[in-house]
Amino acid sequence: MSMNKDFTASPSRRRAVRGATAAILLAVAGAAQAAPAGEVPLAAPGAPSLAEMVAAAFSRAALASARGDDAQLAVELRQIAAIGARPLVVDADPVRNWRTLARMDSVAPMRGSPLGPGYRAGQVDPGSQERFEQLFLSGRKASIALSSPGNAPLALTVLDANRKPVCEARDARLACHWMPLFTQRYTIEVRNKGAQTADYFLVVE
């Protein structure tokens, strides 16, 4: 029996196979170009993340301070300390002043993780935005949460090093969760969509 006779394709069959193979390669190449070569987005957890818990505690602390509720202020400060949250901008850290108001200066802070969530307090004018950078590490889940004591209509956006959006949060749950593909600096934008100046607290984890 001739092996070539049974298993060697005819010229027309070879041309058809080459055509089909080329079509498959073109389709794969097109899909690769269409697929976003960006970060890996993560679904928001059912329960609030640690970053969201800290952001909410800061807003409650600000409201308690504004109405002179030292007892509630102390409760929120203890929760923030227990989680090990640390200021990203020391000169703009409201915790020191709050501890004085709540008469907690003589009380040793509760121990938390030295690498706990980082926080920053800010204020953004109506129709304006604040923008700053934060380093996140490859392969480690990144979380950002934003809160406002007065529930101001804020928007949170995260951009990668190529200025491509990683996350855009504009609903009641202002939080972003993703897995960085590379260690790089990300741009975080806080936009005020309202008509009044808004205070905010941003927490990164």
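The values are calculated or read from the model by the stated rules, or taken from the named source; none is laboratory data. Note that the structure is predicted; figures quoted are calculated from it, not measured. All Cβ positions, even for glycine, are placed from backbone atoms using ideal geometry, and neighbour counts span all protein chains on display. Heads up: the accessible areas ignore ligands, DNA and RNA and are worked out on the full protein's heavy atoms, side chains in. Shrake-Rupley method; radii C 1.70, N 1.55, O 1.52, S 1.80 Å.
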Checklist outcome for this item: With the first residue restricted to segment 155-166 and required to be more than 14 Å from L181 (Cα to Cα) and touching a residue at least 24 places away in the same chain (Cβ under 8 Å), and the second required to be buried (at least 18 other Cβ atoms within 10 Å of the Cβ) and aliphatic (A, V, I, L, M), Cβ contacts under 6 Å at 6 or more apart or on different chains are L156/L146; L156/A169; L156/L174; V158/V166; V158/I188
Next on the checklist: Let me spell it out: the conditions are (1) in contact with a strand residue (DSSP E or B) (Cβ under 6 Å, 6 or more places away or on another chain); (2) open to solvent by less than 20 Å² (accessible area, probe 1.4 Å), and P94 meets all of them except one. Which number is the exception?
Outcome noted: (2)
Checklist entry - Filter segment 47-91 for residues that are among the polar types (S, T, N, Q) and closer than 18 Å to G150 by Cα; which is most open to solvent (accessible area, probe 1.4 Å)? => result Q72
Checklist entry - Would you call D199 within 29 Å of R78 (Cβ to Cβ) and of a type in the set (D, E, K, R)? => result yes
Item to check | Tabulated pairs, segment 72-101, first closer than 19 Å to G122 by Cα, second at pLDDT 95 or above and open to solvent by 80 Å² or more (accessible area, probe 1.4 Å), C-beta under 7 angstrom, 6+ apart or interchain | outcome: E76/R60
Checklist entry - Where in segment 1-101 are there helices (runs of 4 or more DSSP H), lying fully within it, with 3 or more residues that are modelled with pLDDT of 90 or more and closer than 30 Å to V204 by Cα? => result 50-66, 70-83, 95-101
Checklist entry - Which of the residues that make up segment 120-138 are open to solvent by 50 Å² or more (accessible area, probe 1.4 Å) and part of a loop (DSSP other than H, G, I, E, B)? => result D125, P126, G127, L137, S138
